[in-house]
Structures are given as structure tokens and as C-alpha cells.
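All remarks here apply to the structure that follows.
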Amino acid sequence: MATPAPTGTRGVGATLYAHVDRTFAVVDYEVRKLRHDPSELLLRAVQPALWLVVFGEVFATVHAIPTGNLSYLEFLAPGILSQSVLFIAIFYGIASIRERELGIAYKFLVSPASRISLVAGKALSASVRGLSQAVIVYLLAIALAVHPSLAPLSVLGVLVAVVLGSCLFATLSMIIASLVKTQERFLGIGQLLTMPLFFASNAIYPISIMPSWLQPVAYANPLTYLVDAVRTLMIPGETGLFPLGIDFGVLAAVTVALVLIESRLYPRMAQ
């Protein structure tokens, strides 16, 4: 007969299971809202298409940006995927403001789910939109003869990076939403953050051609690590700026830190 697990072990396991179960209950709630309006995913496809087809094709023709052994479209495609993740997730907090205005945030807080489960569930639900962008960018890349890697491990790695990036920027967005009171102020701050995060990264040009004062900012920018991981995994033969372990480690560490911060701030959403 097998020896039963100590009570303490069972208690820890049960607590962990409860956190995971409640986290995915929040994810399910958010995904159900998306299923009621799937047109949002189609509209989101327009932006990466414009960047790749218009911006990418023009700069690929003029050879204005040095990208080493990669064509400019090969260099750009992972950056546009990462940009799409950023643009979707950074405005995710506006839904939290609406929930506060409608009183839904209070109902979340009095539910059995912990604040960490609530925040993690909402962050993970943002990745559903990010994953849809990954599919769109892969299809566009194939249509433009970029030839992204379709090896299962590479595709899986890209999806994991997209999930981490979505969670990171969605949680940052929720932190902003917890601190401001109106949708208008949130949108202003979101727009203020989006462009510096995007342009102070390696999404559309290498860090090496940036001004010397901007390069440290790029290395401190989490979007840089998302782009680097996606580019390394998506483009065959690309080595990237950092080892994948560093890329994923930075994304995971920043995400965990932001989730912990937002779990302390989330009660403000009910006020």
C-alpha cells in the first residue's frame, strides 16, 4: 500500500491547484467575452499587414537599414509580431477601468479567487489576442516569402514568448489602470508609453545603429527581449542578441514582478 502524502504536502498541493483553477476561471471569463465579438481579431490583423506589406516592402527596396545576413522582411517580421503583442496588451487595462465603473471589479474581489489569481488570469487572457497575432504574422510572412521556421519547437518557443510578452504588457497596463481614474487619462498614458517602448527596441532596426544614449534604454526595454526571442526562434539561422535563456528569464522575471505589484494595487479597481 502506498504511503499517503503528508497533510502539509496535500495542503500545499490543494492550495496551488485552487490558485491555478481560479486563474483559469478568470481566463475563461475573459475568453467568453472575446467569443461574443470575434471581429476584434480580424480588425487587429490590419495593423501587422500594413507594417509588413507597406513599411517592410519599402525599406526592403531602398536597403536603408543594415540587417546583416537577413533580408529586411526577415528582420522585420518578428519585430512586427512583438509590436502587435505590445499594442494589444498595453491597452488591455481599459477593460479593468470599465469593470470598475460597472462594479464588476468589486464582484471579483469578493470572489474566492485571490488577487494574484485575478491578475494572473487577466494577464493570461490577454495572450489569447497575442496568439491570434502570431498566426496572422506567420501567414503574412509565408505569403511574403520570409520562410519562417515551422519546426515544432521553434513555433512552440515563439508561442511561449508571445504569452509571456502579452502577460507582461497587459499587467503593466492594469497597473496604470489601477492608478488612474478615467479612460481618457489611461488612453493618454498608454499612447505615451507605446511609441517609446516600440521605437526604443530592436523591432524595426538593430540596436547597433541607435544613438549611444538610446542604446542603454533599448537594453532596459522588455520589448527588446521579446523581439530577440521571437526573432531567434522564428528566423532560421538567427542567433539573436542574447541567449534564449536570458530573453525568457527577463520576460518571466519582469512579468512576475508586475503581477505582484498589480495584486497589491488591484483593490483600487473596486473604489
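Points worth noting:
- For SER201, the conditions (1) at pLDDT 95 or above; (2) hydroxyl-bearing (Ser, Thr, Tyr); (3) more than 27 Å from SER117 (Cα to Cα); (4) surrounded by 19 or more Cβ atoms within 10 Å (Cβ to Cβ) all hold with the exception of (1).
- Residues that are among the β-branched types (Val, Ile, Thr), assigned to a helix (DSSP H, G or I), out of contact with any Cys (no Cβ under 6 Å at 6 or more places or on another chain) and at pLDDT below 95 are absent from the stretch 234-247.
- Unmet criterion (only one of (1) buried (at least 17 other Cβ atoms within 10 Å of the Cβ); (2) more than 17 Å from the chain's Cα centre (by Cα); (3) among the polar types (S, T, N, Q)) for SER208: (1)
- Cross-chain or 6+ apart pairs with Cβ under 7 Å, the stretch 72-84 first and within 19 Å of ALA170 (Cβ to Cβ), then at pLDDT 90 or above and among the aliphatic types (A, V, I, L, M): LEU81/VAL230; SER82/ALA203; SER82/LEU223; SER82/LEU226; SER82/VAL227; SER82/VAL230; GLN83/ALA203
- Exactly one residue out of SER154, SER178 is within 27 Å of VAL135 (Cβ to Cβ), more than 15 Å from the chain's Cα centre (by Cα), part of a helix (DSSP H, G or I) and in contact (Cβ under 8 Å) with a residue 40 or more places away in the chain: that is SER154.
- Scanning the stretch 156-188 for residues that are farther than 14 Å from VAL227 by Cα and crowded, with 16+ Cβ neighbours inside 10 Å gives CYS167, ALA170, THR171, LEU172, SER173, MET174, ILE175, ILE176, ALA177, SER178, VAL180, PHE186.
- Scanning the stretch 217-244 for residues that are surrounded by fewer than 24 Cβ atoms within 10 Å (Cβ to Cβ) and among the small types (Gly, Ala, Ser) gives ALA218, ALA220, GLY237, GLY240.
- ALA2 being outside any helix (DSSP H, G or I), more than 17 Å from CYS167 (Cβ to Cβ), among the small types (Gly, Ala, Ser) and modelled with pLDDT under 60: yes
- Residues satisfying the stated conditions in the stretch 53-87, i.e. under 23 Å from GLN191 (Cβ atoms) and at pLDDT 85 or above: LEU76, GLY79, ILE80, LEU81, SER82, GLN83, SER84, VAL85, LEU86, PHE87
- Cross-chain or 6+ apart pairs with Cβ under 8 Å, the stretch 42-71 first and free of Cβ contacts under 8 Å to residues at least 60 places away in the same chain, then part of a loop (DSSP other than H, G, I, E, B) and hydroxyl-bearing (Ser, Thr, Tyr): ALA60/SER71
The values are calculated or read from the model by the stated rules, or taken from the named source; none is laboratory data. Here the structure is a predicted model, which is why all the values come from computation and not from measurement. Cβ: placed from backbone, ideal geometry, glycine included. Neighbour counts: every protein chain shown.
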